[in-house]
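Before any comments, here is the structure.
The values are calculated or read from the model by the stated rules, or taken from the named source; none is laboratory data. If you're wondering where the values come from, they're calculated on a predicted model, not measured in any experiment. Here the Cβ is made from the backbone with ideal geometry for all residues, glycine too, and neighbour counts use every protein chain on show.
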Amino acid sequence: MCMAIRKKYLLPAFLFFGLVIAGAFNPGQSLTGNSTGTFNSSDTAWMLVAAALVLIMTPALGFFYGGMANKKNIISTVLQSVICLGFMSIIWVAFGFSLCFGDSIGGIIGNPLTFFMFKGVSLSPPAEGSPLAVLSPTVPLIMFAMFQLKFAIITPALITGSFAQRVKFSGYLLFTFLFFICIYAPICHMTWHPNGILFNYGVLDFAGGTVVHMSAGFAALAGALFMGPRTESERTHEFANIPYVIIGTGLLWFGWFGFNAGSAIGVNAKAVNAFATTNTAAAAAMISWVLVDAMRGQKISAIGACIGAVVGLVAITPACGFVNVGESIAIGAIAAVVSNFAVHFKNKSTLDDTLDVFPCHGVGGMVGMILTGVFAADYGTGITDWGLIYGQTKTFTHHMIALVGVAAFAFCGSYALYFITNLIEPIRVSKEEEELGLDITQHGESYQTLRIDL
């Protein structure tokens, strides 16, 4: 058994330490670059804060998911999020940033060699005339790269809730690696790179409704279908720690200001508008969710309030810089109602999406993308094609077409990746391991509640 484990991790270890050596002898990162861009200290200071805010969202997501797992899976559920902090950071520096924002190959994906090992990622803003100068005109390129890294970290972490309590950790890491290369990087490049297909098609995604939430949501749906349901005894359980869910929600809400307002890439009116619409949509969604539950005859629950807030944050993400505060109330409320019914429908089906990732992130992301096409206007962003409510149809039509394309690509591509992963490394634990819990079988650790008698 020991030798088998050594052999299994031999190739990943070889690749990792190869990158360590490459990094030690890397002459490529520029100190000042060849930039003629204008450095702005205020913009850079805000982006440092925003990147830190987005970073805290990943462990917050771990708490959010972990609190809803059962006690024998809480460590594994949290770790599946937290491991992305390290795993994705190394991939990003090596070639991930290049795949997302390197020289465009057909408007679909970036050249992995453009910024390999952060070659040319300088401490100065991108040079005028560079495509990236459109995205980060006043902030050092390395700051922009580190901010975008946080989005790449949290996206695979979001997927884990769909197959929680039954995924093999090594298989999950392999899938995450493939998902980033084959799904996240192309969608990110197509949507956010100035030469990307969706960018030039007019798709508006201010902070990641398409790139993050739709890609993760449809990958989650594919994962739940591929994995199949948990064993009968595992499908019903008590939540491990509801206060963890509440804490996770609060930290997610807090970090989301960096997620959305930080996507303005500077201290400007766009950031302020995104901040205001983000908070308001989350609030509207929280209230809408608990009201729908109450009208069904259910008690108003902490879990419901927390899920509602997160759905509102998901839905406003693509729209936050393109709508006003009043419209953000509508976006949050509509998304909460639609996602609530999606969860209700899922619970009556055979689909075992453990923590409702697709009904919340996938459906919430789609609602946000559609309503961006309805309400979008120029709130400091400079867009000329406005939303359907203003009598213009181009943005809405293009969003609907792009929604179908992204959904099909993310779902079908992810399902194929689960199949490939499973051929290389079994992705689901055995029934015996599932019954024992992943904390013990995957990590050799267990969660214990500390009681203090007063």
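Looking at segment 279-302, can you tell me whether even one residue there is within 17 Å of Leu53 (Cβ to Cβ) and of a type in the set (S, T, N, Q)?
yes
Residue by residue, here is whether (1) of a type in the set (Asp, Glu); (2) at pLDDT 95 or above; (3) buried (at least 24 other Cβ atoms within 10 Å of the Cβ); (4) touching a Leu at 6+ places or on another chain (Cβ under 8 Å) holds:
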| site | (1), (2), (3), (4) |
| --- | --- |
| Gly107 | no, yes, no, no |
| Met117 | no, no, no, yes |
| Pro125 | no, no, yes, yes |
| Gly129 | no, no, no, no |
| Ala133 | no, no, no, no |
| Val139 | no, yes, yes, no |
| His189 | no, yes, yes, yes |
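Test Phe179 against the stated conditions and say whether it is touching a Lys or Arg at 6+ places or on another chain (Cβ under 9 Å) and either surrounded by 23 or more Cβ atoms within 10 Å (Cβ to Cβ) or aliphatic (A, V, I, L, M) (or both).
Judged against the criteria, Phe179 is not a match.
Taking segment 292-337, which residues are in a helix (DSSP H, G or I), under 16 Å from Thr381 (Cβ atoms) and not β-branched (Val, Ile, Thr)?
Glu327, Ser328
Return the only residue of Val167, Val203 being closer than 19 Å to Phe411 by Cα, surrounded by 23 or more Cβ atoms within 10 Å (Cβ to Cβ), in contact with a helix residue (DSSP H, G or I) (Cβ under 8 Å, 6 or more places away or on another chain) and in contact (Cβ under 8 Å) with a residue 24 or more places away in the chain.
One residue alone meets the criteria, Val167.
Just name the residue that is surrounded by the fewest Cβ atoms within 10 Å (Cβ to Cβ) out of those in segment 338-354 that are among the β-branched types (Val, Ile, Thr) and assigned to a loop (DSSP other than H, G, I, E, B). Don't jump to the end; show me each part of the working.
Initially, segment 338-354 is screened for residues among the β-branched types (Val, Ile, Thr), giving 338, 343, 350, 354.
Narrowing further to those that are assigned to a loop (DSSP other than H, G, I, E, B): 350, 354.
Numbers: Thr350: 8, Thr354: 27.
Here the answer is Thr350.
Test Ala274 against the criterion of being in contact (Cβ under 8 Å) with a residue 24 or more places away in the chain, aliphatic (A, V, I, L, M), more than 28 Å from Val78 (Cα to Cα) and surrounded by 24 or more Cβ atoms within 10 Å (Cβ to Cβ), and give yes or no. Walk me through how you get there before you give the answer.
Working: in contact (Cβ under 8 Å) with a residue 24 or more places away in the chain: yes; aliphatic (A, V, I, L, M): yes; more than 28 Å from Val78 (Cα to Cα): yes; surrounded by 24 or more Cβ atoms within 10 Å (Cβ to Cβ): yes.
Considered against the rule, which asks whether it is in contact (Cβ under 8 Å) with a residue 24 or more places away in the chain, aliphatic (A, V, I, L, M), more than 28 Å from Val78 (Cα to Cα) and surrounded by 24 or more Cβ atoms within 10 Å (Cβ to Cβ), Ala274 comes out as yes.
Do we have Ser76 as in a helix (DSSP H, G or I), surrounded by fewer than 20 Cβ atoms within 10 Å (Cβ to Cβ) and out of contact with any Lys or Arg (no Cβ under 7 Å at 6 or more places or on another chain) here?
Here the answer is no, as Ser76 does not meet what is asked.
Would a scan of segment 380-395 turn up a residue that is in contact (Cβ under 8 Å) with a residue 40 or more places away in the chain, under 22 Å from the mean Cα position of the chain (by Cα) and not in a helix (DSSP H, G or I)?
No, segment 380-395 contains no residue that is in contact (Cβ under 8 Å) with a residue 40 or more places away in the chain, under 22 Å from the mean Cα position of the chain (by Cα) and not in a helix (DSSP H, G or I).
Would you check which residues across segment 225-247 are within 26 Å of Tyr418 (Cβ to Cβ) and part of a helix (DSSP H, G or I) and list them?
Matches in segment 225-247: Leu225, Phe226, Met227, Glu232, Ser233, Glu234.
All but one of (1) in a loop (DSSP other than H, G, I, E, B); (2) over 24 Å from Cys306 (Cβ atoms) hold for Tyr415, so report the exception by its number.
(1)
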